[in-house]
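The values are calculated or read from the model by the stated rules, or taken from the named source; none is laboratory data. Since we're looking at a predicted model, the values are computed, not measured. Ideal geometry is used to build each Cβ from the backbone, glycine not excepted, and the neighbour counts take in all protein chains shown.
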Amino acid sequence: MKTDSKLPSIGTSIFAVMSKMANDYNAINLSQGFPDFNCNEELRNLVSDYMNRGFNQYAPMPGVLKLRQKISEKTLKVNHRYYDPENEITITAGATQALFSAISALTGKDDEVIIFEPAYDSYSPVVLLNGGRPVYIKLKGNDFRIDWDEVADSITEKTKLIIINSPHNPTGSVINETDIRNLETIIENKNIFVISDEVYEHIVFDNKKHLSLASSELLYQRSFIISSFGKTYHTTGWKIGYANAPGYLMDEFRKIHQFIVFAVNTPIQMAYADYIEDEKNYLSLNDFYQEKRDYFLENIKDSRFRFKPAEGTYFQILDYSDISELDDYTFTERLTKESGVATIPLSPFFSGLNDLKLIRICFAKRNEILKSSADILNRI
């Protein structure tokens with residue numbers, strides 16, 4: 001029997017490939033973006049308590065109402081935007097499912113979707129599955145900024161959607177007020193929507209502030225805002241995220257969401273609803289990860305790798321052009337097999353061939369692991 005692939009050019013995710021390679025060669029895994037330390041004991045106890053109290057059946061399709069109410073309160077406090085917990089917030093099976101549902105809700109046959117590269121790898125496959133056409137625009141310079149003139153020139157009558165990611169995976173860059181104003185100008189008076197991937201919203205460094213698109217009245221009316229509990233509370237394996245959007249957009253989102261997962265883990269939702277009440281559990285994250293970024297960079301400052309400190313996320317880009325002429329995939333493969341440190345090449349984050357001599361490391365690791373990996377990188 002034979003079937004035609006809906007994604008013939010898509011292979012296994014680079015994250016899965018490099019994590020497997022790390023396991024196969026017993027290498028330190030700085031590739032896939034997950035913490036190597038446990039989440040807070042209080043949160044674990046809350047989940048266990050709700051399980052023992054019998055909260056083990058289906059949650060409501062949009063998510064546990066108490067959790068949606070707490071998200072609404074938090075979003076108003078942090079981003080100065082009110083979302084109605086009844087019809088403007090939906091709990092999802094991770095941010096990736098939220099992205100899938102949002103892109104699917106907005107993208108149809110021949111619609112053009114602007115994606116900034118390097119880009120998280122789940123965006124374009126969903127566009128393609130829905131019959132849309134990705135329009136790729138490269139971020140510029142070693143600080144990976146959006147060229148808004150190029151964006152304006154790329155807008156056509158078929159442009160339906162722009163996907164923003166800030167703080168940005170994989171580069172660690174963040175958008176500023178000028179970026180928001182430029183985006184407003186470009187889409188004003190046009191039938192263009194926005195998806196804002198803000199899963200690293202609480203990991204921003206050097207006294208910078210995360211700017212949510214929800215803070216803009218114009219962008220709020222046209223945007224899905226995607227967030228992740230996994231990134232915020234060190235619980236990536238629990239796979240729970242959420243989407244915020246005006247009611248008319250969320251109606252379309254839920255039509256798709258209900259047939260993908262219907263609802264997600266009930267006791268964990270109940271636990272998050274309690275845990276989110278203490279704002280220090282998310283407001284302390286900036287300092288926590290900045291200490292790890294600074295610790296790692298201090299330990300590799302005398303290496304042959306070049307870097308510009310990440311502005312956000314728990315990822316750091318390293319430039320190895322002074323070390324090797326190898327392409328980034330071959331370089332990361334050798335780094336894993338011969339040196340014992342697994343990283344991620346940057347080229348899989350692009351739609352075409354790109355050999356920028358850049359790799360991505362994840363510093364959401366215990367300090368002893370960061371020190372051990374830095375010692376190895378210093379010898380290269």
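Mind listing whichever residues of the stretch 83-109 are outside any helix (DSSP H, G or I) and more than 18 Å from Lys158 (Cα to Cα)? The answer is Tyr83, Asp84, Pro85, Glu86, Asn87, Glu88, Ile89, Thr90, Ile91, Thr92, Ala93.
Out of Met61, Met21, one residue alone is farther than 19 Å from Asn281 by Cα, in contact with a Lys or Arg (Cβ under 9 Å, 6 or more places away or on another chain) and assigned by TED's automatic domain parsing to the domain that holds Glu252. It is Met61.
The residues of the stretch 36-82 that are closer than 18 Å to Val264 by Cβ, part of a loop (DSSP other than H, G, I, E, B), within 22 Å of the chain's Cα centre (by Cα) and not small (Gly, Ala, Ser), listed by number, are Cys39, Pro62.
For the stretch 316-363, the set of residues classified as surrounded by 21 or more Cβ atoms within 10 Å (Cβ to Cβ), assigned to a loop (DSSP other than H, G, I, E, B) and either in contact with a Pro (Cβ under 8 Å, 6 or more places away or on another chain) or not assigned by TED's automatic domain parsing to the domain that holds Tyr289 (or both) consists of Leu346 only.
Determine if the stretch 204-221 includes at least one residue that is under 24 Å from Ala364 (Cα atoms) and of a type in the set (Phe, Trp, Tyr). Working first, answer last.
Applying the first criterion (under 24 Å from Ala364 (Cα atoms)) to the stretch 204-221 yields 204-212.
So of that shortlist, the ones also of a type in the set (Phe, Trp, Tyr) come out as 205.
Yes, that holds for at least one residue.
Taking the criterion of being among the small types (Gly, Ala, Ser) and buried (at least 23 other Cβ atoms within 10 Å of the Cβ), the residues of the stretch 106-141 that qualify are Ala119, Ser124, Gly132. Take Met18 and decide whether it is surrounded by 13 or more Cβ atoms within 10 Å (Cβ to Cβ) and assigned to a loop (DSSP other than H, G, I, E, B). So Met18 fails the test.
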